[in-house]
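My structure is below; once you've seen it, I'll send some questions.
The values are calculated or read from the model by the stated rules, or taken from the named source; none is laboratory data. Remember, predicted model here, so these are calculated numbers, not experimental data. Cβ: placed from backbone, ideal geometry, glycine included. Neighbour counts: every protein chain shown. Quick note on the areas: whole protein, heavy atoms, side chains included, nothing else; ligands and nucleic acids left out. Shrake-Rupley method; radii C 1.70, N 1.55, O 1.52, S 1.80 Å.
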Amino acid sequence: MHVYCGVCACRYGVGKMTGDLVERALYSIGDNHAYLRGSRDPVDQMIRYLEEYFSPNSETSDAGIRDSLAIRMGTDGARLTHNHTRQYHYVLQSMILWREVMHDMFRLWTLAENDLLDESTFYRLRDTGQGLNRVQPCPRVSRSMHAIVDHTMRRVGYDNWVGSSVIHLGDHNVPNALTFIDKYTQVPRILNPLAIGIVRLDEVTKDPEVANYVERAFGSVKNLRRIILGDFFRHAFDGSGADNFFDAGSCIDGRLTSAWHWCSKVEKKDYFPVLLLTGFVGFDGDF
């Protein structure tokens, strides 16, 4: 990469567009592609898993196994009630939205910095329930996020949209643009370890003892994969994570709050020991 950039810089550096500027631009493009591989691609992988292992119109898999994604408020911590089809679309739409945010993150980050440093907007120090925070309007990020949500809704069909389209910015949920950026940079930290663990299931079950355990406890590797994914698609998108619908529920950032909440409960899952065997160390470790 370094040699390639140097060659291009020498060849195309002309006038005000010096070789150094050409080289810097190429490295910047490379940084963006590397970020997309690490942040957007895990979302694409989870979307593929949803479409591969579950059907929007049937709760029964090709193998005749019942794979319902239905959730009911008050059951297993859920704060929403969706039948299988509605939950399937709710999960799919949420992840498509996350993908669009990851794809546009560099621009959103720039807008967030502009909002934070804008001298024409004022902030208040306020106890938001998560400590003292700088509550400040985010007009640039807000406009961009509304455009991304609208694009996602047009892609899936306005009539098919499930849940709320409310975006919290500049309030006690998302006090300022920096909090917004921090919140969405957690998406790959949630999905990457999970996606990697699911991929490595085939590798760890090459050990006869592990394979025997998986077969006795879960039926098969494929069934275990379906169990993990089904649990994630149900309870990482069930409106949990707060005690009211304003702070969690089905709003745009509330979908991510539910995913955070699921992460805090994963060590209590029956399949957690197998995840550990794949090298999974949590959602803040190396991956």
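Using a 1.4 Å probe on the protein chains only, how many percent of the accessible area of the chain belongs to carbon and sulfur? Please report the intermediate quantities before stating the final value.
Numbers: 7710 of 14880 Å².
Of the solvent-accessible surface of the chain, carbon and sulfur hold 52 percent.
Taking the highest mean first, how do the peptides 107-114, 119-126 order by number of other beta carbon atoms within 10 angstrom per residue?
Working: 107-114: 17.0, 119-126: 10.2.
Going from most to least packed, we get 107-114, 119-126.
Compute the FRET efficiency between ASP150 and HIS172 as 1/(1 + (r/R0)^6), taking r as their Cβ-Cβ distance and R0 = 25 Å, and round to the nearest 0.05. If you can, show how the numbers build up before the last one.
Numbers: r = 25 Å, r/R0 = 1.00.
Once the sixth-power term is evaluated, E becomes 0.50.
Would you work out the charge dipole size for the chain about its Cα centre, treating the Cβ of every Lys and Arg as +1 and the Cβ of every Asp and Glu as -1, and quote it to the nearest 20 debye?
Details: 32 positive and 36 negative charges, 65 e Å.
With only Lys, Arg, Asp and Glu charged at Cβ, the dipole is about 320 debye.
Measure nothing but the geometry: give the 0 to 90° angle between the long axis through the Cα atoms of 208-218 and the longest principal axis through the Cα atoms of the chain, rounded to 10°.
80
Could you give the angle, 0 to 90 degrees to the nearest 10, between helix 19-39's Cα long axis and the longest principal axis of the Cα atoms of the chain?
20
Calculate, for LYS206 and LYS268, the FRET efficiency according to 1/(1 + (r/R0)^6) with r their C-beta to C-beta distance and R0 35 Å; round to the nearest 0.05. List each step's numbers first, then the result.
Numbers: r = 27 Å, r/R0 = 0.78.
Step by step, r from the Cβ atoms, then E = 0.80.
Now a separate question. Among GLY249, GLY30, GLY77, which one moves the most in a GNM of the chain with springs linking Cα atoms closer than 10 Å?
Of GLY249, GLY30, GLY77, the most mobile in the Gaussian network model is GLY30.
Provide the per residue accessible area, probe 1.4 Å, for the chain, rounded to a whole number of square angstrom.
Here the per-residue accessible area is 52 Å².
Specify the residue with the greatest mean-square fluctuation among PRO273, PRO188, PRO56, computed from a Gaussian network of the chain linking alpha-carbon atoms under 10 Å apart.
In the Gaussian network model the winner is PRO273.
Among all the lysines, which ones have a C-alpha under 23 Å from LYS183's C-alpha, if same-chain residues fewer than 8 places away are not counted?
List returned: LYS265.
Next question. Running a GNM on the chain with Cα contacts under 10 Å, which residue among GLY74, GLY197, GLY170 ends up with the highest mean-square fluctuation?
GLY74
About its Cα centre, how strong a charge dipole does region 44-152 have in debye, to the nearest 20, once Lys and Arg get +1 and Asp and Glu get -1 at the Cβ? List each step's numbers first, then the result.
Details: 12 positive and 15 negative charges, 81 e Å.
My answer is approximately 400 debye.
Also, I was wondering about something else. Which of [x] 19.2; [y] 14.2; [z] 16.5 is the computed mean projected area of the Cα convex hull in nm² for the structure on display?
[x]
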